[in-house]
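Okay, structure first, notes after.
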Amino acid sequence: MAPRSSSRIFSYNGKVLEDPVPNESVKKAMEILSVMHPELNNAVLKGPTVGRDGVKHYKIEKRVGNFN
C-alpha cells in the first residue's frame, strides 16, 4: 500500500508540521505535536482553511496575554 499524503497541514512559527495522525482528531494531532514542540500546549489553533488541493490548513499561534 502506498503512503497517503496528509489531508491536514499544521503551520507554526513559519514551519510546516506534517500531520502525525491523519486518521485521528485534530485534538489528538495537537497532543502528539506538543510532545515534540512543548510550547504548543499553550498555543491557539486557528482554522482550518481549505486549499485548492483540498488540504485543510491549520495555523498554530503562540498564546499571548491572560491564560484564564
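Can you compute 3J(HN,Hα) from phi for each residue in the range 55-63, using the Karplus curve 6.51 cos²θ - 1.76 cosθ + 1.60 with θ = phi - 60°, rounded to whole Hz and x for Gly and Pro?
Result, rounded to whole Hz: 7, 7, 10, 10, 10, 9, 10, 5, 7.
So how strong a dipole does the range 8-62 carry about its Cα centre when Lys and Arg Cβ are +1 and Asp and Glu Cβ are -1, to the nearest 20 debye? It would help to have the intermediate numbers written out before the result.
On the way: 9 positive and 7 negative charges, 41 e Å.
Approximately 200 debye in magnitude.
When all alpha-carbon pairs of the range 8-62 are counted, what percent fall beyond 19 Å?
Values: 246 of 1485 pairs.
Looking at the range 8-62, the distances longer than 19 Å represent 17 percent of pairs.
Coordinate-derived values only; no laboratory data. What you see is a predicted model, and the numbers here were worked out from it, not measured in a lab. Cβ sites come from the backbone with ideal geometry, for glycine too, and all protein chains shown count toward neighbours.
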